[in-house]
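The values are calculated or read from the model by the stated rules, or taken from the named source; none is laboratory data. All values reported here derive from a predicted model rather than from experimental measurement. Heads up, the Cβs are rebuilt from the backbone with ideal geometry, glycines too, and the neighbour counts pull from every protein chain shown. Please note that ligands, DNA and RNA were not included when accessible areas were found on the heavy atoms of the full protein model with its side chains. Shrake-Rupley method; radii C 1.70, N 1.55, O 1.52, S 1.80 Å.
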Amino acid sequence: MAAPDEHRIDVRLLVLAAISAILLALPLVFTGRYYLRVLTQMSFFIVFASAFGLLFGRTNQLFLCIAALAGISAYTSGLLTSRLGMEHWSTILLGSIFSAGVAAGLSYVANVRRMGVVFVAILTLAFQLIFENLVTGLVWLTGGDTGFRPPPLPLGPLGSLLGEQMSFYLIAAVLAIGTLFVNYWLMERSKWGLIMEAVRNEEVASEVIGINVRRVKVTVSALSGFMIGLAGALYGYFNGLISPIYFSFASIDILSQVMAVFGGRGTVIGPLIGSAVFTYVNENIRYLGPISLSVYGALIVVLFAAFREGMVATLRRWTRLVF
Amino acid sequence: MKAAGSDGVLRSLELGRGNGASRIEQNTKSDQPLTSLLRMADERLMEVRDVYKYFGGLPALNGVSFSVRRGEILAIIGPNGAGKTTLFNVISGVFQPTKGKVIFEGKDITRLPPYKRAKLGIARTFQIPRPFAEMTVLDNVVVGMLANGGGSVSVARMKALEILEELGLRDKAGTEVRKLNVQEKKSVELARALAMEPKVLLLDEYMSGLNTGEVERAVEELKRINKERGITIVWIEHILRAVMKLAERVIVLNFGQIIAEGKPSEVANSASVIEAYLGRGMAH
Amino acid sequence: MVEAALDLLLSQLPVVLVDGITFGLQLALVAVGITMIFGQAQILNLSHGEFAVIAAITSALLIPLLGVPLAVLAGIALAVAFGAFVYKVVLLPAFRLQGENRILLGLFLMLGLYLLLHGYFTNQFPTTYLSIRPEVQTVELLGMSFRFSAVLAAGISAVLLALLAVFLKTTMTGKAIRAVSQNETGSMLVGITVDRIRLLTFLIGGALAGSAGIMRGLAATMGPESGIELTVLALLISVVGGVRSVPGTVVAGLMLGIVYMVASFLVGTYLSVVIMLAVTIAVLVLRPQGLLGESE
C-alpha cells in the first residue's frame, strides 16, 4: 500500500512465486479424489474472493452478485456448447466477456449519479435475485431448478496424461495464480494501485485532482467480472452440472466475502489466505446443512465487528513486533 | 470565539486603512513598468459569467461575474455563508451552476466534469481538507501527478519529493496523512495540487487557524508559488491581514453577490464591506 | 396464445390489480422501515425482511394455542422486541464509527444477521407457514367478486401507513424523527436525544415489518424463506420512492406490486420477479432522484 521500495517489491514477488509453487505442488501431498476436489474448489474461490476483494477493498464497490457473474458465464458457455455444439474454450471466453460487460454495466449504472456504496450493494443484490429467478424460471432453456449437464470439457493430452481430476485442479490453480499476479501488478506495481487507493479514500478529491472516478470503477469492474467469468465457466464444467444452487448468493457470495475480509480485502494474498482457511472450515461444517448458513452469518458479524483489517494487516503487525 | 473573530475583522480593516494599504501601494509602484504593462495587456485566464446557484430554491450564488487575469493573486473575502465555497465548487466542477457560465482560457467549461477541468489546469484545496487519509504524504502528492498523465511511478515520486521539500514536508513523506494535524493536512493538499502543475490554484481558507508567525510564512510560501511557478492564485480567506499583504485584487462576496471589487486598500475602505462584516458581527 | 392470456388478464384485471395493491402496500410497510432506519442511523438493514419472518413464524406457531388475534399481536411484539435488540446490541460496534465506515460495518452486521436468522428459520421451521384464512371468503364490489382476505390485508396496510404519515407529520416525536434524519448535530442542539429517537425508529420499523409479515400471511402465505425477497424488493422501493418520503415509498410500492402481480399472471412467479426488478432498475436509472423527488 504505502509506496514499497524496490527491495520490498522483490520480496513480494518471491513470496508470490513461492505461493504459486506450493499451490501447484499441493496434490503431491494431499493425494486422493476427495482432496483434489477440495483443492480445486479452493482455487476457484481464490479467484472469486480476489475479485470481490479488489472491487470492494480497492474501489469501494460492494458487489453482492459474484455468484451471478460467475453463473452468467457458466450458463452462457454451457448453453452454447450443449445447445449449439460450439467449441468449449471460445464459449468460455465469450461467457467471461459477457460477465465482464454485465459487471461494467452494473458499475456504470450505480455510478451515474454517485450514489455511493449502499446503492451498489442494493443494485447488485437485486441483480443476483434477477439472475437466480431468471435461470430458475426459464425452464425450457436452462432446465430450471435441476439445471443441465454441459458436455464435459475436452482436456486433450493433459487429461490423458494426468486424468480428469488432476487436470481440472491444474487449470484452476493456474487461474488462481494468474489472478494473484494480475492483482499484484494492479495493486502494487502499476500507477493504478495508487489511483484506486485515492478513489477509495476520497472520491470528490480524486475527481478534482484529475481522476475519472467512474472510469476507474467501471474498468476495475470489467476486469473483475472477466476473472469471475473465467472461473465461473470452468467451475460449471468442474461440477459437471450447471444449476441455480451452484450459483446462488449463499453458495458463492457469502464464502467469497468471508474469505476476502478474513484475509484482508484490498490485499493481494489476503483472499488466498482466506480461501485456504475457509475451504477447510467449510468442509468441516458442511454436515450441518442449512444451519451452516447461520454459522457464516455469525462469522460475518464477528469478523466485521472485531477483525476488519484482516489477516494480512494483522500478520504485518505481528512480524513488525517480532523483527 | 465568534466575538473575537469579528473583533479581528475590525482590527484588520483598520490595519488596511493604515499601514497595510500604504505598503501595498509601494509594492505596486516598485513593479517594473514593463511587467505592469504586460499584465494589463494579458489575456483573461478564467471568467465567471453571471453564475447563479440555487439549493432547493435558496440562492447561494446570485449572479456572480468576474474574471481572473493570468498570473494574479485574487482574494475572495466575505462573511460566512456568502457563497465563497459554492463559487469554488462551481469553478472546479463539483457543482453545476443553476445558470451562468465558467470560461477557462476562452473555452466554456461549465458542463465539464471535475477531472477534465483538472486536466485543463484547475487545481483546488478544500476548506475542510480532503486528503487521501490512509495514504502516505508522499503517495498523496504522487497520485496528484499520476492522475494527470505524468510518466512512471518512480519519476513522479522524485518530483513529489521536491515539492515536499519546498513546502517543508519532506520529513513527513512516509507518514500516513490521517496522523497529521489539520494544518499539515492543508499543506498536503497544497502539495498535491502543485503536483498537478496547474495554471490556477483555488485555495479555500488556506490560513485559517494559523498564528501570526505561521501566517507570515504562508504568505511568503504563496508568493513564491505565484512568482516562481507562475501559478495564478484565487484564494478565499478570512484572515484579512494576509489578504492585505498578498492579494493584488480583492472581491467581496455577500449573500451570493459581489458587493465590492478592487485593490485591497480600496476594498477595505468601502462602506458596503464594513457593513457586511459589521452586520455579521452584530448578528452573533 | 398471447391473445388468450391478454383476454384473460383483461377480464381478471380488477382482481389482479387488487392483489397488486395488496402486495405493494405490504412492500411499502417494509420499505418505510428501511427508509426510516437508514435516514436515522445510516444502517442499511439487510435483515429487515427477517422481522416479517419472525412475526409470521411466531404467529403461525402460536395460533393453535392462543387463537389468531393474540398470536398475531405476540408475533408483532416479538418483531418489535427484536428491533430493540438489533439496535441496542447487534449494531453497537457500528455506532462507534462515523460516515462511510459506519454504513459499511452496519451493512455487514445486518447481512450477517440475515444469514444467521435465515439459516436458523429454514433449518428449524422448514415447513411452518403463516396462512390466515377468514371465514368470509369473498366480497362483491362493482359486480366483481374479490378475495376478502386480500382486501382486508390491503385495508389494514393502508391504515397503518396513513397512521405513520400522520404520526410523522403532526406529533412532536414524529417531527423529531424527521429532524434527526435531516441533521444529526442540529437536532442534538435543540434537545432531541438522538439515541431515543433512533431506538423508536427501530421499534416502529420492527412493528411495520412484522405487520407486513402478518398481512402477507393473510393475503397469501408467509414462510421462513420469504425474508430476503421482501428485503430486496423493499430496498428497491425505498430507493425508487425517494429516500425521505413516505408518500413516494407508497407510490413506488404500489407500482411494483401491480407490475409484479400482472407479470406473475402472464408469465409466472420466477419471471415476474425478473420483470419487476428490471422495471425498478430502469426507473432508478431514469429517475435516480426518486419517483416523487424533484430533479436537481
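Inclusion of residue A:161 among residues that are more than 9 Å from chain C (Cβ to nearest Cβ), open to solvent by 20 Å² or more (accessible area, probe 1.4 Å) and out of contact with any Gly (no Cβ under 7 Å at 6 or more places or on another chain) is warranted. What is the one condition in (1) over 20 Å from the mean Cα position of the chain (by Cα); (2) open to solvent by 10 Å² or more (accessible area, probe 1.4 Å); (3) more than 9 Å from every other protein chain (Cβ to nearest Cβ) that residue B:128 does not satisfy? Condition (1) is where residue B:128 drops out. Taking the criterion of being at pLDDT below 95, open to solvent by 10 Å² or more (accessible area, probe 1.4 Å) and more than 14 Å from chain A (Cβ to nearest Cβ), would at least one residue in the stretch C:98-110 satisfy it? Within the stretch C:98-110, one or more residues are at pLDDT below 95, open to solvent by 10 Å² or more (accessible area, probe 1.4 Å) and more than 14 Å from chain A (Cβ to nearest Cβ).
For the stretch B:144-169, a residue qualifies if it is farther than 29 Å from residue A:214 by Cβ and either in contact with a Lys or Arg (Cβ under 6 Å, 6 or more places away or on another chain) or assigned to a helix (DSSP H, G or I) (or both), and the qualifying residues are B:158, B:161, B:162, B:164, B:165, B:166. When residue A:166 is tested against (1) farther than 26 Å from residue A:192 by Cβ; (2) buried (at least 23 other Cβ atoms within 10 Å of the Cβ); (3) in contact (Cβ under 8 Å) with a residue 40 or more places away in the chain, just one condition goes unmet, and that condition is (2). Among the criteria (1) in contact with a helix residue (DSSP H, G or I) (Cβ under 9 Å, 6 or more places away or on another chain); (2) more than 30 Å from residue C:269 (Cβ to Cβ), the one residue A:157 does not fulfil is (1). What are the residues in the stretch C:113-153 that are over 24 Å from residue C:29 (Cβ atoms) and either part of a strand (DSSP E or B) or open to solvent by less than 50 Å² (accessible area, probe 1.4 Å) (or both), if any? Scanning the stretch C:113-153 gives C:119, C:138, C:140, C:144, C:145.
For the stretch B:170-197, enumerate the residues that are in a loop (DSSP other than H, G, I, E, B) and surrounded by fewer than 23 Cβ atoms within 10 Å (Cβ to Cβ). Lay out the reasoning, then the answer.
Going through the stretch B:170-197, the residues in a loop (DSSP other than H, G, I, E, B) turn out to be B:173-175, B:180-181, B:196-197.
Listed by number, the residues that qualify are B:173, B:174, B:175, B:180, B:181, B:197.
I want to confirm something. Restricting to the stretch A:198-210 and keeping residues that are surrounded by 24 or more Cβ atoms within 10 Å (Cβ to Cβ) and at the interface with chain B (Cβ under 7 Å from one of its Cβ atoms), which single residue is farthest from residue B:91 (Cα to Cα)? Checked the stretch A:198-210; the qualifying residue farthest from residue B:91 (Cα to Cα) is A:198.
Taking interchain pairs and intrachain pairs at least six residues apart, which have beta carbon atoms under 8 angstrom, with the first residue in the stretch B:174-192 and more than 12 Å from chain A (Cβ to nearest Cβ) and the second assigned to a helix (DSSP H, G or I) and open to solvent by 40 Å² or more (accessible area, probe 1.4 Å)? As it stands, the answer is B:180/B:172; B:183/B:214; B:184/B:172, since those pairs meet every condition given. Of the residues making up the stretch C:120-145, those that are within 21 Å of residue C:212 (Cα to Cα) and at the interface with another protein chain (Cβ under 7 Å from one of its Cβ atoms) are C:120, C:122.
For every residue, the table says whether it meets (1) open to solvent by 10 Å² or more (accessible area, probe 1.4 Å); (2) part of a helix (DSSP H, G or I).
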| residue | (1), (2) |
| --- | --- |
| A:69 | no, yes |
| A:97 | yes, yes |
| A:106 | yes, yes |
| A:122 | no, yes |
| A:126 | no, yes |
| A:130 | yes, yes |
| A:140 | yes, yes |
| A:145 | yes, yes |
| A:151 | yes, no |
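On the stretch given as the stretch B:115-125, residues that are open to solvent by 30 Å² or more (accessible area, probe 1.4 Å) and touching a helix residue (DSSP H, G or I) at 6+ places or on another chain (Cβ under 9 Å) total 1. Among residues of the stretch C:21-42 being in contact with a Lys or Arg (Cβ under 8 Å, 6 or more places away or on another chain) and modelled with pLDDT under 90, the one that is most open to solvent (accessible area, probe 1.4 Å) is C:42.
Is it the case that the stretch C:28-50 has a residue that's out of contact with any His (no Cβ under 7 Å at 6 or more places or on another chain) and without any contact (Cβ under 8 Å) to a residue 40 or more places away in the chain? No; the residues of the stretch C:28-50 include none that is out of contact with any His (no Cβ under 7 Å at 6 or more places or on another chain) and without any contact (Cβ under 8 Å) to a residue 40 or more places away in the chain.
Has the stretch A:104-113 got any residue that is among the hydroxyl-bearing types (Ser, Thr, Tyr), over 16 Å from the mean Cα position of the chain (by Cα) and within 11 Å of chain C (Cβ to nearest Cβ)?
Taking the stretch A:104-113 first, the residues among the hydroxyl-bearing types (Ser, Thr, Tyr) are A:107-108.
From what's left, over 16 Å from the mean Cα position of the chain (by Cα): A:107-108.
Now narrow it down to the ones that are within 11 Å of chain C (Cβ to nearest Cβ): A:108.
Scanning the stretch A:104-113, I find at least one residue that is among the hydroxyl-bearing types (Ser, Thr, Tyr), over 16 Å from the mean Cα position of the chain (by Cα) and within 11 Å of chain C (Cβ to nearest Cβ), so the answer is yes.
For the stretch B:115-141, residues that are in a helix (DSSP H, G or I) and hydrophobic (A, V, I, L, M, F, W, C) total 5.
Taking the residues in the stretch B:131-161 that are charged (D, E, K, R) and facing chain A (nearest Cβ under 8 Å) as candidates, determine which candidate is nearest to residue B:117 (Cα to Cα). That would be B:139. In the stretch A:112-130 there is at least one residue that is at pLDDT below 90 and of a type in the set (Lys, Arg). Listed by first and then second residue, the pairs with beta-carbon distance under 6 Å, at least 6 apart or on different chains, first residue in the stretch C:79-108 and farther than 23 Å from residue C:52 by Cα and without any contact (Cβ under 8 Å) to a residue 12 or more places away in the chain, second open to solvent by 10 Å² or more (accessible area, probe 1.4 Å) and in a helix (DSSP H, G or I), form an empty list.
Selection within the stretch A:276-287: residues that are open to solvent by 30 Å² or more (accessible area, probe 1.4 Å) and of a type in the set (A, V, I, L, M, F, W, C). The member of this set that is nearest to the other protein chains (Cβ to nearest Cβ) is A:281.
If we keep just the residues of the stretch A:169-194 that are buried (at least 21 other Cβ atoms within 10 Å of the Cβ) and within 14 Å of chain B (Cβ to nearest Cβ), which is modelled with the highest pLDDT? Here the residue is A:194. Only residues that are open to solvent by less than 20 Å² (accessible area, probe 1.4 Å) and farther than 22 Å from residue B:201 by Cβ: list them for the stretch B:61-83, please. Once the filter is applied, which keeps residues that are open to solvent by less than 20 Å² (accessible area, probe 1.4 Å) and farther than 22 Å from residue B:201 by Cβ, the stretch B:61-83 yields only B:79. For the stretch B:84-114, the tally of residues that are buried (at least 19 other Cβ atoms within 10 Å of the Cβ) and either acidic (Asp, Glu) or in a helix (DSSP H, G or I) (or both) stands at 10.
Okay, residues lined up against (1) facing chain C (nearest Cβ under 10 Å); (2) within 24 Å of residue A:188 (Cβ to Cβ); (3) free of Cβ contacts under 8 Å to residues at least 12 places away in the same chain:
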residue	(1), (2), (3)
A:248	no, no, no
A:252	no, no, no
A:259	no, yes, no
A:262	no, yes, no
A:270	no, yes, no
A:273	no, yes, no
A:289	yes, no, yes
A:317	no, yes, yes
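In the stretch A:144-162, the residues that are at positive phi form Cβ pairs under 6 Å with partners that are at pLDDT 90 or above and open to solvent by 30 Å² or more (accessible area, probe 1.4 Å), at six or more places apart or across chains, as follows: A:147/A:241.
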